[in-house]
Amino acid sequence: MRLTRRTLLGGMVALPVAARAQALDYRIEPVAVGDGLWIVSGADAPIERGNGGAIANLAILAGDEAAILIDCGPSLRYGRALEAAVRKLTGKPVGHVFVTHLHPDHGFAAAAFANAEVAGTPELRRELQATAGGYADGMYRLLGDWMRGTEPVVPAATVTAGERVVAGRRLVFAPMAGHSPADLVVTDMATGTMIAGDLVFHDRAPSTPDADPARWRQALGTLASMPHRGLLPGHGPFDPGGQAAIAQTLDWLDWLEGSLRASVAAGLDMVAAGEVAIPARFDRLKAARYELQRSVSHFYPRLEAELLPRADQ
């Protein structure tokens, strides 16, 4: 067997790391925001060793015979801690896990819920089949022992658009796209809470590694028109009014595209484009400079090809 960092950390080779592993504990602190609905907030930071990749928000819903998760976290270790927290909170096991999109901070803990229905859209399943291995390798490099034993899970169950009763709760599923090629929004009808995944960020700059800005804007318009009250974004604080976070995400996307296009037109290189002034209205957004610079790397080559004519044409 060829020994790689991933197989070593995956537990295939015994290493004297028990004492160090015991220190890698996730703190799961659910906060009630509605009747039978709790949120677990992620760190407002990039994925890094200090937070174990636990940067995404997720929702816990109490059901009749089992609990429901909307997203489940970044690693097997996180999923096991979350399962214990859910049992303590609700007195019931996790019976259903709905994954909102392909990014590992939201769904790589699914392997911890082998006895639950793990579900996603058909588009998500296709995306994960193509990309999960590469994402897993990246997470192991970033997080090391936090990822021990984690293997990505492609959801076995399929989610389609419409209303469904899950463990006695009425949930409305709305497949969309924009932040990624396959996004899922879930609305809990009992509380009116929209769980928007990474289509919505709040007081945290949006990330764009797989984004289609035009489709994202369209999705945000749809979300704003859908009946809901409170909104749980993929990152950042709960929005009790349900509209401010949508508007803020749209505002950032509009500014970002305008800024990048202006930078290309001005002849700025990628480094300079990532250092332009960010408007004061975004001062409260965490990781704004970090995400601007990442977005430059995601979009700048395409924008240069689109906006800068070839010398021979």
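The values are calculated or read from the model by the stated rules, or taken from the named source; none is laboratory data. Please read these numbers as outputs of a predicted model, since none were measured by experiment. No Cβ is skipped: glycine too gets one built from the backbone with ideal geometry, and neighbour counts run over all protein chains shown. Heads up: the accessible areas ignore ligands, DNA and RNA and are worked out on the full protein's heavy atoms, side chains in. Shrake-Rupley method; radii C 1.70, N 1.55, O 1.52, S 1.80 Å.
Those residues that are in contact with a Pro (Cβ under 8 Å, 6 or more places away or on another chain) and closer than 18 Å to His179 by Cβ, I need them from the range 118-135; list them, please. Please lay out each step first, then the result.
Applying the first criterion (in contact with a Pro (Cβ under 8 Å, 6 or more places away or on another chain)) to the range 118-135 yields 118-121, 123-125, 127-128, 132-133, 135.
Correct list: Gly120, Thr121, Glu123, Leu124, Arg125, Glu127, Leu128, Ala132, Tyr135.
Just name the residue that is farthest from the chain's Cα centre (by Cα) out of those in the range 214-244 that are touching a residue at least 60 places away in the same chain (Cβ under 8 Å) and open to solvent by less than 30 Å² (accessible area, probe 1.4 Å). Checking each candidate, the answer is Gly230. Being over 21 Å from the mean Cα position of the chain (by Cα) and surrounded by 11 or more Cβ atoms within 10 Å (Cβ to Cβ), is that true of even one residue in the range 292-301? Within the range 292-301, one or more residues are over 21 Å from the mean Cα position of the chain (by Cα) and surrounded by 11 or more Cβ atoms within 10 Å (Cβ to Cβ). Does Phe201 satisfy the criteria of being open to solvent by less than 10 Å² (accessible area, probe 1.4 Å) and within 16 Å of Gly178 (Cα to Cα)? Yes: the conditions hold for Phe201.
Among the residues of the range 191-199, none qualifies, meaning not one is within 24 Å of Lys286 (Cβ to Cβ) and out of contact with any strand residue (DSSP E or B) (no Cβ under 9 Å at 6 or more places or on another chain). Can you find, within the range 190-206, the residue that is farthest from Trp38 (Cα to Cα) among those that are outside any loop (DSSP other than H, G, I, E, B) and of a type outside the set (A, V, I, L, M)? Residue satisfying both the conditions and the ranking: Arg204.
Cβ-Cβ contacts under 9 Å between residues 6 or more apart (or on different chains), taken from a first residue in the range 60-82 that is at positive phi to a second residue that is modelled with pLDDT under 95 and open to solvent by less than 10 Å² (accessible area, probe 1.4 Å), are absent.
Residue under question is Ala287, and the condition is that it be of a type in the set (A, V, I, L, M), exposed (fewer than 15 other Cβ atoms within 10 Å of the Cβ) and within 22 Å of the chain's Cα centre (by Cα); does it hold?
no
Pairs linking a residue in the range 88-116 that is over 13 Å from Met139 (Cβ atoms) to a residue that is of a type in the set (S, T, N, Q), with Cβ atoms under 6 Å and 6 or more positions apart or on different chains, are His101/Ser180. Residues in the range 245-269 that are buried (at least 16 other Cβ atoms within 10 Å of the Cβ) and of a type outside the set (Ser, Thr, Tyr): Ala245, Ile246, Gln248, Leu250, Trp252, Leu253, Leu256, Glu257, Leu260, Val264, Leu268. Which of the numbered conditions does Gly274 fail, given that it passes all the others? Conditions: (1) under 30 Å from Thr187 (Cβ atoms); (2) over 20 Å from the mean Cα position of the chain (by Cα); (3) without any contact (Cβ under 8 Å) to a residue 40 or more places away in the chain. Checking Gly274 against (1) under 30 Å from Thr187 (Cβ atoms); (2) over 20 Å from the mean Cα position of the chain (by Cα); (3) without any contact (Cβ under 8 Å) to a residue 40 or more places away in the chain, the one that fails is (1).
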